[in-house]
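Trainee: Sending over a structure as C-alpha cells; questions will come in a sec.
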Amino acid sequence: MLPPDGSGSVIAWHKAIQQSGRKMRLDISWKLDRTQKFFNIWNSNADSMRTDQDLNNSNQPTFVSWEVVQRAFDNYRQWIIAGLEFFDHLNIYPDMDNLLVGNNATITGITDAQRQTVMTHYIGAGANLIIGSDLTHLDKFGLNLLTNKAAHDVADFTAQYPMQPRNPGTGGQDAKQLQAWIAGPAPNGKAVVVLANYGPDLGQGGFNGTSTGDEWVSASWEDLGIKGTYSVHDVWNNKNLGKQKSGVKAKLGPGESVLLTLTRA
C-alpha cells in the first residue's frame, strides 16, 4: 500500500532530477491532496499533476466514452479552482490523461464534435498534450486537431494562463451543462474563451443537466471578468467574428464547443 503522505517522495524525486543535471519531467499522480499545504509542495516540485483517473475504456472496443470525458472536464474545473485559490500563477500543469482525439468514432468512441471539444479543453487547460490515439489509423479530422498551427499558438498562451470556468449569466464557477471558460487576460489584453454545451449529464459531469437539443451559450464581458471592445476569432473555423463590445455567444449542440481568441480592438 502507498503511504497516506507521499509528499516527501515528490520532493526527493525533484531534488534527484536537479542533481542529475539532465532534463526530465516529473509527473505526479493521482488523488493528491489539494489543500494549500500540499498543493504548494506539488506546485513547487513537479511539472504536471493528474487531475483525474484514467479515461480509457477497459475491455471495450472503443477508447473512451463521453460520460468519462464529462467527468474529466469537471475534475479539471475542481483542480483549477483549488490551485488558483492559493496561487496567482501555477507552476504545475494539469495532466488530464492521454489525448484520445486522433481516430474516428468507431475507434475513439465519441463524435467529431466531441473530439474537437476534448482537444479544445486540453488546450484551454494548458494540459499535457500526450497522444493516446492509434497512430496507424489517424483520420483527416483527427490529424488537423493534433497539428493545427493556430490551435498550437493558443496552447502556448494557455500554458501561461490556464482557463477558468465562468458560468454564463453569473460569472460563477459551478459545474454547468452550458459553460464558459476564460484564459487570461494577459497584460496586453489578449484572452482565450471557450463556450461549451456538454449535453445531458451522463452520470459523472457534476452538473445534472438534461437538455438534449441545441442551446445558445452566451457569456458577457461581466461574466468573464473583462471590459472593453475585442476582436474575436474562431480558431477551429479560422473565422473572424468581428468586434464585440459586450460578450460572445454561440448556438451549440450537445458535445459542441467553440474556441475563441480575443484581442483588444
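Trainee: Suppose we filter the stretch 206-224 for residues that are in contact with a strand residue (DSSP E or B) (Cβ under 7 Å, 6 or more places away or on another chain) and not β-branched (Val, Ile, Thr); how many remain?
Mentor: Number of matching residues: 9.
Trainee: Let me ask something additional. Filter the stretch 158-167 down to the residues that are part of a loop (DSSP other than H, G, I, E, B) and surrounded by 21 or more Cβ atoms within 10 Å (Cβ to Cβ) and list them by number.
Mentor: Matches in the stretch 158-167: 162, 163, 166.
Trainee: Still on this structure: Quick one: how many residues across the stretch 26-64 are surrounded by 18 or more Cβ atoms within 10 Å (Cβ to Cβ), in contact with a Leu (Cβ under 8 Å, 6 or more places away or on another chain) and part of a loop (DSSP other than H, G, I, E, B)?
Mentor: 4
Trainee: Residues of the stretch 212-265 being part of a loop (DSSP other than H, G, I, E, B) and of a type in the set (Asp, Glu), which ones?
Mentor: Taking the stretch 212-265 and keeping what is part of a loop (DSSP other than H, G, I, E, B), we get 212-214, 225-229, 235-238, 245-246, 253-256, 265.
Selection gives 214, 256.
Trainee: Report, ordered by the first and then the second residue, all pairs with beta carbons closer than 7 Å, sequence separation of six or more or different chains, a first member in the stretch 5-28 that is touching a residue at least 24 places away in the same chain (Cβ under 8 Å), and a second member that is of a type outside the set (A, V, I, L, M) and assigned to a helix (DSSP H, G or I).
Mentor: 7/38; 10/42; 10/45; 11/45; 14/45
Trainee: Looking at the stretch 201-217 only, could you name the residues that are buried (at least 16 other Cβ atoms within 10 Å of the Cβ) and over 19 Å from the mean Cα position of the chain (by Cα)?
Mentor: 209, 215
Trainee: Oh, and also: Quick check: anything in the stretch 152-162 modelled with pLDDT of 95 or more and farther than 23 Å from residue 128 by Cα?
Mentor: No, every residue in the stretch 152-162 fails to be modelled with pLDDT of 95 or more and farther than 23 Å from residue 128 by Cα.
The values are calculated or read from the model by the stated rules, or taken from the named source; none is laboratory data. Since the structure is predicted, the reported quantities are computational estimates derived from the model, not experimental observations. Don't worry about glycine lacking a Cβ; one is built from the backbone with ideal geometry, like all the others, and counts go over all protein chains shown.
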